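Bear in mind these aren't lab numbers, they're just calculated from the coordinates by the rules spelled out. Predicted model only: the values in this text are computed from it and were never measured. We place every Cβ from the backbone using ideal geometry, glycine too, and count neighbours over all the protein chains shown.
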Amino acid sequence: MATHSPTRFLVASAALLLLAGCTIVTPDSESPSGSVQPGALVGTWVLDQSFDSPEQPYVSFVQDNTWSASDGCNRVQGTWEVGSDGALTTTSGPQTMMACEGAQLPLAVSRSTRVEVDGDTLVIHSSYDSTVTTLVRSTDRTVGPQGLPIGYWVESNTPTAPFLSIQADGSYSGNDGCNVITGTWEQADDEAIVFTGGAMTLMACEGVDQWLSQAAQGRVQAGVMTLQSADGTVLGQLTAR
């Protein structure tokens, strides 16, 4: 009677599995531990610690598949999609570049590959540098995108469109479609954004409506800033990017 060694039997079995189109899965610490429902991701998330920065670093996922995040000084926004296995795909827009002693949560989201949600705990995995960021759900209404209007605000997605870049240190810069404008801002008691100490270049630009340079205050609602002149006249609107 012919005999077969155990080694030959294992090799033959593996070959048959491959020929049949099967895949042998080995344990992997990076494999998803369970399914993720998109609704579980919606909300504002923070690190379980405080920072000496102008605002609390946060990540906010919105139901319309947009997200925003702050490192404590700078904000960035984009879009997100999550698969049932927790695979996260994001896009991101521009952000201000102020030096900050906060936490790089915008980078954690933009480089993320997978998320896990367990009740009020969110874990963000990045295969780019093998980092893991653990966040908790925030219930503080002053934390998140509804707080300070830090970031980029634009009229439209065209190269010459008016825009404002609002910094966490109380300064702003931008362009009204013709001239560069700079100044300072503060938040009034009624939550309006008041622009003060403005300066601008004095180029003559034919056919350009320079309404942004006349703005004295702005009010933010649902990601849109409505700008008004000193007498309350509505001048235009900018959208967060």
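Below is a table of values for the structure above.
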{"read-out": "Counting all C-alpha pairs of the range 151-240, share separated by more than 15 Å (%)", "value": "55"}
{"read-out": "Net +/- balance of residues flanking Tyr152 in space, Cβ distance below 11 Å, scoring K and R +1, D and E -1", "value": "+2"}
{"read-out": "Cut-off 12 Å between beta-carbons: net charge of the residues surrounding Trp211, Lys and Arg +1, Asp and Glu -1", "value": "-3"}
{"read-out": "Summed residue charge, Cβ within 12 Å of Leu227's Cβ, Lys/Arg positive, Asp/Glu negative", "value": "-1"}
{"read-out": "Normalised convex hull volume, the range 38-137, alpha-carbon set, Å³ per residue", "value": "91"}
{"read-out": "Expected-Rg normalisation [2.2 N^0.38 Å, Cα atoms] applied to the chain", "value": "1.40"}
